[in-house]
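Have a look at the structure below before the remarks.
The values are calculated or read from the model by the stated rules, or taken from the named source; none is laboratory data. Since the structure is predicted, the reported quantities are computational estimates derived from the model, not experimental observations. Because the Cβ atoms are built from the backbone with ideal geometry, glycine has one as well, and the counts that use them run over all protein chains shown.
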Amino acid sequence: MVKKLEFYPLNLGSHPAVRSRLLRLFGHIGRADSSQDHSRALYASTTGLPKHWRRRHGQSRQTWLRTIENDLQPLNLGLATTERRARNRTAWQTLVETATSLMMMMMMMMMMISPV
């Protein structure tokens, strides 16, 4: 029996601690053995979804991978590059710290700009 995969919309906070955890989880899955299902699913998602795949009507366009991609966009990194970098644990920890500090700086700038 083949089980159908379903993608659920994510409502993620913008707090840097939450984003840091998401990036660390991405690294954990990226370093997993390639024979494990979650590692194969991540590889398939980063290399591109099948051309015939469509999102169900009414589902959120924001997914976990899109959130990761948006977090790494200021560092000019894509998902495929990020997955390869996640295999080196120390380099990945440095990247997560850099991305988190960059998010903190952006939040602080937004707070200074926006009137209360």
Selected residue (criterion: surrounded by the fewest Cβ atoms within 10 Å (Cβ to Cβ)) from residues of segment 62-82 that are assigned to a loop (DSSP other than H, G, I, E, B) and without any contact (Cβ under 8 Å) to a residue 40 or more places away in the chain: ASN76
Near pairs, Cβ below 7 angstrom, 6+ apart or cross-chain, from segment 18-47 (surrounded by fewer than 12 Cβ atoms within 10 Å (Cβ to Cβ)) to any residue that is among the charged types (D, E, K, R): SER34/ARG40
Selected residue (criterion: modelled with the lowest pLDDT) from residues of segment 25-44 that are assigned to a helix (DSSP H, G or I) and small (Gly, Ala, Ser): ALA44
Single residue of LEU95, LEU22, LEU75, LEU10 found to be within 11 Å of the chain's Cα centre (by Cα) and either closer than 27 Å to MET108 by Cβ or at pLDDT 80 or above (or both): LEU22
